[in-house]
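Peer 1: Can you read through this structure? Questions will come right after.
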Amino acid sequence: MVSGGEVKLFGMWASPAVRRVEWALKLKGIKYEYVEEDISNKSGALVQYNPINKQVPVLLHNGKPIVESLVILEYIDEVWKHHPILPKDPYERAMARFWAAYSEDKCRDAVRRVFFAEGGERAKAIECLEETLRALDGELEGKEFFGGENIGFSDLVLGWMAFWLGVSEEVASFEVLDPKKFPWFTSWIDNFLQVPAIKENLPPRDKTVAFFHGYRRLHLAAPNC
Amino acid sequence: MILERMAAAGEVVKLVGSWGSPFVVRVGIALHLKGVGYELLQEEFGKKSEILLKSNPVYKKMPVLIHNGKPICESMIIVEYVDEVWASAGPSILPADPYERAIARFWAAYIDDKLPSAVPILIGALEGSKEQAIEQIFTTVQLLEDAFTKCCKGKSFFGGETIGYIDIAFGSWLGGLKAVEKMVGIKFIDGEKLPLLVGWAERFCSNDAVVNIMPQVDMLIEFSKVFQKKN
């Protein structure tokens, strides 16, 4: 375990954004205290440390808060320089950041749309999602991970798809993870989930499926919330 | 208008984009801060050039920086790339301290969450509630005034004595904000409510790295008529 001051992580067990921070901490062997937040009843501490967004994850390092999971990952990589997450070369760093942004700007939205789509909207939503999977599949061609031989920044940011996309498929009854259509991406999922820091740090599947069933029901009942 | 400069020997730097886009302006400012010569490949409105489609097949959007044949996409990612590649040329765009870098990245992400989804609505380039867009812009600029008060009071820019990451992320929108102020008759960067930002905006817009790149307000207003014609 590596120290380097007091590290606290405010999180929520089902949140992919929180897990990606935990994966980074585990990969670097950084000791931290985890604080589970009740999202329906946010603590004073969370609101104090993240007054603008009031969201998890929040990393507290020696009392200073860092928010937004991608910002936290870059911070962790800069403070604890061993076992680097981002590559050294500026062009490769830009590419890693590009695919991380793609995860947040396109993939999340695409999965969300399918997850909540009903009736006629579903087919179109699936088409959009498959477009993103095609892009990711293309980027992975010839590689074990987005980061190359080892997992890196893009893998950690896109990593939610390795677990939560499967959960979404089960909850919302759809199927997109076809090895024939997306051979590299589906292999990547297997590779990613085998990495010890990841494998040992995933939420329980059944509990997660139940949680997202509830989440989906709630949203479909009151879609403007 | 965007000022191009002669590239250094052996370096080929091209910027695919359009003069009016705040995202393109960001990259132009970063290149100017570092004294990097580049060629602007001006995109035609309503059309996407071959080079844009080839260099950014995923998003098909500008800006794209093409450095010695390699494309880099997404404006703030490009700004960081420029800062890293030309680290020894010109002042650092991102601060050295990791915590301050995290703050800078947070604000850039916040700005990109709030302004691109609001300003274009007021120009007529995006569908949406004008009232909500106006409120969103007011909230954003007030938070940035507070942030400037907390971190940078007494200094010229968010980045300190020189233009930095937050300055570029936010400042690139000043042309568009001023245009929208005229079009809807609302003052967003109001001297009474945002005294620090008013001073900051003047310093930013008159800075050498910005003055020839920031699109002129009248030209933006003229350009935005194309959206009104459609509606």
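The values are calculated or read from the model by the stated rules, or taken from the named source; none is laboratory data. Since this is a predicted model, take the numbers as computed values, not measurements. FYI the Cβ positions are ideal-geometry reconstructions off the backbone, even for glycines, and counts take in every protein chain you see. Surface areas here come from the heavy atoms of the whole protein model, side chains and all, with no ligands, DNA or RNA. Shrake-Rupley method; radii C 1.70, N 1.55, O 1.52, S 1.80 Å.
Peer 1: Please compute the volume of the convex hull spanned by the alpha-carbon atoms of region B:59-118 and report it per residue in Å³.
Peer 2: 100 Å³
Peer 1: Using a 1.4 angstrom probe on the protein heavy atoms only, line up A:ILE85, B:ILE221 by accessible area, largest first.
Peer 2: Descending order: B:ILE221, A:ILE85.
Peer 1: Moving to a separate point now. Tell me the Kirkwood radius of region B:23-148: reciprocal of the mean inverse pair distance over distinct alpha-carbon atoms, in Å.
Peer 2: 16.5 Å
Peer 1: Using the structure shown, select from B:LYS61/B:LYS150; A:LYS64/B:LYS34; A:LYS31/A:LYS81; A:LYS143/B:LYS48 the pairs with a Cα to Cα distance greater than 24 angstrom.
Peer 2: Where the Cα-Cα span goes over 24 Å, the pairs concerned are B:LYS61/B:LYS150; A:LYS64/B:LYS34; A:LYS143/B:LYS48.
Peer 1: Further, regarding this structure: For A:GLU121 and A:LYS88, calculate 0.36 nm times their separation in residues minus their Cα-Cα distance, and state this gained length in nm to one decimal.
Peer 2: Here the answer is 7.6 nm.
Peer 1: So for region A:161-201, what percent of the C-alpha to C-alpha distances run longer than 16 Å?
Peer 2: The calculated P(r) of region A:161-201 puts 39 percent of pairs beyond 16 Å.
Peer 1: Report the relative contact order of region B:10-84, percent, no decimals, based on alpha-carbon pairs under 8 angstrom and at least 6 residues apart.
Peer 2: 41 percent
Peer 1: Along the Cα→Cβ direction, 7 angstrom out, place labels at A:ARG217 and A:ASN201. What is the inter-label distance in nm?
Peer 2: Once both label points are built, they end up 3.2 nm from each other.
Peer 1: Scaled to the compact-protein estimate 2.2 N^0.38 Å, what is the alpha-carbon radius of gyration of region A:115-200, rounded to two decimal places?
Peer 2: Relative to the 2.2 N^0.38 Å estimate, region A:115-200 comes out at 1.12.
Peer 1: Another question about this same structure. Averaged across orientations, what area in nm² does the convex hull of the alpha carbons in region A:1-59 project?
Peer 2: With the hull built on Cα positions only, its mean projection is 4.1 nm².
Peer 1: With a ≥ b ≥ c taken as the square roots of the eigenvalues of the C-alpha gyration tensor of region B:149-231, please select rounded if a/c is under 1.5 and otherwise prolate if a/b is larger than b/c or oblate if it is not?
Peer 2: prolate
Peer 1: OK, next. Could you work out the pair-distance distribution P(r) of the protein assembly as shown from its alpha-carbon pairs, with 20 angstrom bin width and percents rounded to whole numbers?
Peer 2: The calculated distribution, bin by bin, is 23, 58, 20, 0.
Peer 1: Same structure again: So how strong a dipole does region A:1-141 carry about its Cα centre when Lys and Arg Cβ are +1 and Asp and Glu Cβ are -1, to the nearest 20 debye?
Peer 2: It works out to roughly 380 debye.
Peer 1: Could you order B:SER88, A:SER187 so the one with the most accessible surface comes first? Probe is 1.4 Å.
Peer 2: From most exposed to least exposed: B:SER88, A:SER187.
Peer 1: Rounded to the nearest percent, how much of the accessible area of region A:113-216 (1.4 Å probe, protein heavy atoms only) is carbon and sulfur?
Peer 2: 49 percent
Peer 1: Quote the Stokes-Einstein diffusion coefficient, in whole µm² s⁻¹, for chain B, based on the Kirkwood radius over alpha carbon pairs, a temperature of 10 °C and a viscosity of 1.306 mPa s.
Peer 2: The Stokes-Einstein estimate is 88 µm²/s.
Peer 1: Still on this structure: Which value, in Å³ per residue, describes the convex hull spanned by the Cα atoms of chain A?
Peer 2: 128 Å³
Peer 1: Here's another thing I want to ask about it. Taking both sides together, what accessible area is buried at the B/A interface, probe 1.4 Å, expressed in Å² and rounded to the nearest 100?
Peer 2: 2100 Å²
Peer 1: Where both partners of a DSSP beta bridge lie in chain A, what percent of those bridges are antiparallel, to the nearest 5?
Peer 2: That works out to approximately 65 percent antiparallel.
Peer 1: How large is the Kirkwood hydrodynamic radius of region B:8-73, in angstrom, based on all distinct alpha carbon pairs?
Peer 2: Averaging 1/r across every pair of different Cα atoms and inverting gives 11.9 Å.
Peer 1: Would you work out if region B:83-192 is rounded, prolate or oblate? Take a ≥ b ≥ c from the square roots of the eigenvalues of the alpha-carbon gyration tensor; rounded if a/c is under 1.5, else prolate when a/b is larger than b/c, oblate otherwise.
Peer 2: prolate
Peer 1: Select from A:PRO57, A:THR132, A:PRO203 the residue farthest towards the positive end of the dipole of chain A; place +1 on Cβ of Lys and Arg, -1 on Cβ of Asp and Glu, and compute about the Cα centre.
Peer 2: A:PRO57
Peer 1: Also: At a probe radius of 1.4 Å, what is the per-residue accessible area of B:ILE103, in Å² to the nearest 10?
Peer 2: For B:ILE103, the solvent-accessible surface is approximately 60 Å².
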